[in-house]
Every structure is written in C-alpha cells, then in structure tokens.
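Written out below as structure tokens is the structure these notes cover.
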Amino acid sequence: MQRRKLGPSGPEVSALGIGAMSFSDFYGATTEAESHAILDAALAAGVDHIDTSNVYGMGRSETVIGRYLDRYRGQGGLPFRIATKAGITRGPDTGARRFDNTAAHLEAELDGSLARLGVERVDLFYVHRRDPRLEIEEVTETLAGLIAKGKIAAFGYSEIAPTSLRRAAAVHPVAAVQSEYSLQTRLPELGLVQTCEDLGTALVAFSPVGRGLLSDDPPTAERVAQSGFLRTNPRFSGGNLERNLAASDALRDLARQTGEPAAALAIAWLIDRSPTVLPIPGTRSTAHFAELVRGAQMTLSDDLREEIARRLPPGWAHGARYTDDQSIGPESYC
C-alpha cells in the first residue's frame, strides 16, 4: 500500500483511507458487523486512515469505530489514524442546519467524539463547514489551542477555498483540506490541488468514486430511492441518473478491456493526479473495498491515463453536485 503524508509534518498514512459515513445509514441500511468487516479488510490491506464525523448517523459512525477499537485497547496502540469533524449543527427552534465554529462548540463536540471513539486524542480534527460569523484566523487559533490541550494531533478544514486555506496556514500549518474530488467532480483542480501542493497540506478526497457512478455496480433507481441523500441529489434525480449512467459506461467499458474494476481505475486516476491527494471512499461491501484497494496498488501507464481522461473529460457529469440547500456551507471559489 502506498503511503502519503497527512500534512506538512506527517504522519504518513495509507494513500487510501476509509470514509466512514457509510457506517451509518446515509447511503442505505448497514450493520455494525458489516462496518467491522470493512475495518478488518482495511487492516489486512494496510489501510490505516479512517475518516468520520460527529454528524454521521448522529454519532453512530464514531460509536461503531469505537467498539471496533475496543479489541485493541491495552495492546500498545491502536491500528488506525482517526480523523473526525465538527461544526455542523441544528438550530434549537427550527431544526434548520447551521454552522458553529465557536471555541466552546468545537471543543464540546470534540469531547463527545473522543468519548464515542474511546480515545484521548484524534489524529486529525476538521472544521466540517465554515461559520460565516467568524474569520478563519480566529477559528484556526481555536484549533491550535486544541492541539496545545493534547486533544488533537493536527487539524484541517472541509470544503474551503484555496484563499481560505492560505489565510489559515498563515496562522498555523493546516494538515488537511477535505473536498469532493473525482473523475466526476474536478473543481479542486482549479486552485485547491495547487495550493495544497504549495503548503504541504493533504487533499483528502471524499466521494472519489462519484457516489458509486464510477463503479461496475452503479446505483440503480431502486437504490437511489432508498437513500435520502441520493434521491434528492441533482446527479441522481430528474433524469440525470440515466444520463450519468450512460456517460459513465465509457469507464466501465474501459475497465472490461483492461481487466480491472472501474472503481480501481477511478481511484488510481485520482491518486495519480498529485502526491498530496488521499482518497477516502466509503463502502458497505468488502468486495467493493477490495476493488478500491486494487486502485491504490495500481500504477497507470501513460496510455491508460490518457484513455481515462479521453473517455471522461472534465464536465461530462449531468446535474449539479449539490442541491441549493446542500450548497450552503461549501465555499465557492470559481
């Protein structure tokens, strides 16, 4: 398994990580046993980076991970580098989603995450979404304070602009920025990849297989209907699911020709883009996880790299990445 630095001062982690949103029911029903089977497969493959959040299943993902870690406590160290996030919350009156980056909120939510995970410190703590009330310099000082308290080893931001990253990094080194990045979503190439390379910040890429569209078993209409997120997402609704399935068939056809899984090609392409990129796909299937691991083991030839780019050039996907409501929070920069 390839290894890459998680920020300018490390540590090194596997180039492939696990996005543990799938340990809740976000993309469909799952069980703790199924999630633990993914973690078993990860250890066997040398994958040691887990990414979760306090809002994934309202703490369920962290709890599932914490129970898995119970078997390793008292044995000289845990087998994973763990990242979690906070900053998304709900209004007390309306229940509407809002963002809170105040020092009191972030530390209280972090304390809850530490308790669910059963650890005294996480390796990486993200601000899940920016709070428009606060300057990023102030939030960065808060995060640096959590390092000083020994509760986190490093910090990052999710869905921020390159300019925001540079402002934060002027206060304290930023270990990671998390953003959606795949053959389907290319926005990070318009400044974020380059800024991460300049600063030594890891670009942790979520949804690197296009929420399943870049796989040999893409979502069906029936599966989309079972997911509260996918059935409202523009790329999976209003006729765009059928359009995107047809467009992404080009990758599945190439996968058949090469004898490699389509998901492996998608992961290999992404890892090949920059030494700062670390994909964190989520899955509920150990068979699919093996395909993802295969992608992290591949080295693309020049011909294959060019053919992937020819078949799925920038802009091929139908529909916006998010609905208008889901677009509130991620920073726009192009």
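Data for the structure
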| read-out | value |
| --- | --- |
| Extension gain (nm, one decimal) between Glu12 and Ala290, 0.36 nm per residue minus Cα-Cα | 97.9 nm |
| Projected label distance in nm at Ala115 and Ala29, using a 7 Å step from Cα toward the beta-carbon | 3.0 |
| Overall form of the stretch 153-192 per C-alpha gyration tensor (a/c, 1.5; a/b vs b/c) | oblate |
| Cα gyration tensor, the stretch 21-152 - rounded (a/c under 1.5), prolate or oblate | oblate |
| Ranked list, fewest to most other Cβ atoms within 10 Å of each Cβ, for Met298, Met21, Met58 | Met58, Met298, Met21 |
| Contact order relative to length of the stretch 11-174, as percent, for alpha carbon pairs under 8 angstrom and 6 or more apart | 18 |
| Residue exposure sequence - Asp100, Asp40 - by fewest surrounding Cβ within 10 Å | Asp40, Asp100 |
| Residue-averaged [θ]222 nm for the chain, counting only DSSP H segments that reach four residues, each worth -39500 (n - 2.57) | -11500 deg cm²/dmol |
| Exposure proxy ranking, count of Cβ atoms within 10 Å, fewest first, for Val177, Val171, Val119, Val55 | Val171, Val119, Val55, Val177 |
| Listed residue (Met1, Ala108, Ala296) projecting farthest to the positive dipole end of the chain, Cβ model | Ala108 |
| Protection proxy ranking of 270-280, 147-157 - average other beta-carbon atoms within 10 Å, highest first | 270-280, 147-157 |
| Paramagnetic label zone (point 7 Å from Cα along Cα-to-C-beta, Ser332; backbone N under 20 Å) in the stretch 187-214 | 187-193 |
| Between 0 and 90°, nearest 10: helix 60-69 axis offset from the chain longest Cα axis | 80 |
| Globularity index of the stretch 23-65, i.e. its alpha-carbon radius of gyration over 2.2 N^0.38 Å | 1.14 |
| At q = 0.07, 0.08, 0.13 Å⁻¹, base-10 log of I(q)/I(0) for the chain (Debye sum, equal scatterers on each alpha carbon) | -0.26, -0.34, -0.97 |
| Highest-MSF residue in the chain out of His128, His49, His36 [GNM, Cα springs under 10 Å] | His36 |
| Cβ-placed point charges (K, R +1; D, E -1), dipole of the chain about Cα centre in debye, nearest 20 | 180 |
| Choice from Gly210, Gly87, Gly259 with maximal GNM fluctuation in the chain (Cα, 10 Å cutoff) | Gly259 |
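Read-outs throughout are calculated quantities, based only on the coordinates presented, and are distinct from any laboratory measurement. As the structure is a prediction and not an experimental result, all values here were calculated from the model. When we count neighbours, we look across all protein chains shown, and the Cβ atoms used for this are built from the backbone with ideal geometry, even at glycine.
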